[in-house]
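I have placed the structure first, in the form of structure tokens, so that the comments after it can refer back to it.
The values are calculated or read from the model by the stated rules, or taken from the named source; none is laboratory data. This one's a predicted model, so the numbers in the text were calculated from it and none came from an experiment. Virtual Cβ from ideal backbone geometry, glycine too; neighbours counted across all protein chains shown. Heavy atoms of the whole protein, side chains included, go into the accessibility calculation; ligands, DNA and RNA do not. Shrake-Rupley method; radii C 1.70, N 1.55, O 1.52, S 1.80 Å.
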Amino acid sequence: MRKKPDYSSKFERLRAQLPLDSLCASDWQLLEQMAHRYFFTFQELKILIEIALDHNMWQEIPFTALWAKYNSLENKKQIIANITNDWNKLKSSPKDYSQFEPDKVDSRAKAPEIKWSDDNNTILGKCPVASLKTRCCNLLTLDAVKNCGHDCSYCCIQSFFHNDEIIFDKNFGKKLLNLSLSLDQDKTYHIGTGQSSDSLMHGNEGGIFDDLVKFAKKNPNVILELKSKSSNIEYFQKNNIPSNIIVTWSINTETIIKNEEHLTGTLCDRLDAARKLADKGILIGFHVHPMVYYQGWEAEYTAMAEIILKTFTPNEVAMISMGTVTFIKPVIRKLKTRKIKSKILQMPLIETDGKLSYPQDLKIKMFKHLYNSFAPWHQSVFFFLCMENNELWEPVFGYQFESNEVFEREMSLKYLEKIYLDGR
């Protein structure tokens, strides 16, 4: 009789690679029983655990029911092949949010601790997701705040910082003054503050907006972009804002906001805030990022575009960018360890340009659909793809930039045209 192996060592090895603590008790019990019955190899056990974790996170058929569906086959390889095939079909099909119930996130319980840093680190850097493999606008970033108080399931920021603290820089104002001295006044700079946190949600905490407004006034050659999913615009309504500060919103359909962008403003909240700032003459913009492939995506992204077309004039909008949901491996692991309900990882996860995202043909389909939904603005608003392969530009827009530098220059020119339009 074949001796049954001890699986404790295999489970411990897997613990270093997978968040086993996120397995529900029934899945864990079944996997232990079946491991001893079928003599799973390490790789077989690993793939079955991954499938069990995903089905639980996505609120799909429980793994125990999935196993029972094929258990009558008896042959281990057939069972695993069928289960894996079902799993891959789920990832390749558009997500179905119709019966999905997202976790209810309590903003009070989630509220991170505010901390103040007194370090001498530089505050100006390059976009943290920049890559030589994708077409990049060479955005410079200001680390005005580190970490974000929103709770978007797909966010890469969560892999960079501790989730329980948001860090402000005590010396931010002084560092901005020093930065002003180092800038070339004959050069145009595009600098954003929304890459390591949300630009608006904390308001003027610590005088941060006061410092940014002074910096923008002192450096008219700087295009300062604040990016947000918040509707906290009180400061901008009450103060005079220089024309070289533009405020942009990351937006999505209500389906994605409701199910994956916790603690953020609704689409209506964000567009209403944008409308109020546009009424003050502040230039605005929109980042439709990340686009997500799910049942009903075409109609909902079209409806979102139609609302924007009706709510704003093209002279008020500097840009509209597009990008799909994209991951690096540390973010995927971090997401799977959080024990949250999310369908965001229910996707093919094809390796492209050093990251994991949708296949290129699906990206083109999604981008073309949204771009065509904005057809009336094609000649009057600057559209671009954010951190996507340059080969996608031609099928979507009918042209592509030959280099990041050309892209950067064209973007700055288009922004400046709007900034100084009609004496704004």
_region 40-97, subset touching a Pro at 6+ places or on another chain (Cβ under 8 Å) and surrounded by 14 or more Cβ atoms within 10 Å (Cβ to Cβ), residue nearest to SER357 (Cα to Cα)_ = LYS91
*Kindly provide the set of residues from region 309-320 that are of a type outside the set (D, E, K, R) and crowded, with 21+ Cβ neighbours inside 10 Å, ordered by number.*
VAL317, ALA318, MET319, ILE320
*asked:* Cβ-Cβ distance below 8 Å, separation of 6 or more or different chains: which pairs start in region 106-117 with a residue that is under 15 Å from ASN171 (Cα atoms) and end on one that is at pLDDT 60 or above and in a loop (DSSP other than H, G, I, E, B)?
replied: TRP116/LYS170; SER117/LYS170
*Would you pick out the residues in region 175-227 that are out of contact with any Phe, Trp or Tyr (no Cβ under 8 Å at 6 or more places or on another chain), surrounded by fewer than 15 Cβ atoms within 10 Å (Cβ to Cβ) and outside any helix (DSSP H, G or I)?*
ASP184, GLN185, ASP186, LYS187, PRO220
*Can you name every residue in region 214-263 that is free of Cβ contacts under 8 Å to residues at least 40 places away in the same chain, aromatic (Phe, Trp, Tyr) and farther than 30 Å from GLN59 by Cβ?*
PHE215, TYR235
*Name the one entry in LEU362, LEU392 that is within 22 Å of the chain's Cα centre (by Cα), over 23 Å from ILE256 (Cα atoms) and among the hydrophobic types (A, V, I, L, M, F, W, C).*
LEU392
*Could you tell me whether any residue of region 286-301 is open to solvent by 40 Å² or more (accessible area, probe 1.4 Å), touching a Ser or Thr at 6+ places or on another chain (Cβ under 6 Å), assigned to a loop (DSSP other than H, G, I, E, B) and under 28 Å from GLU101 (Cβ atoms)?*
no
*Please report, ordered by residue number, the strands (runs of 3 or more DSSP E) entirely within region 346-419 with at least 1 residues that are under 25 Å from PRO94 (Cα atoms), hydrophobic (A, V, I, L, M, F, W, C) and open to solvent by 30 Å² or more (accessible area, probe 1.4 Å).*
350-352
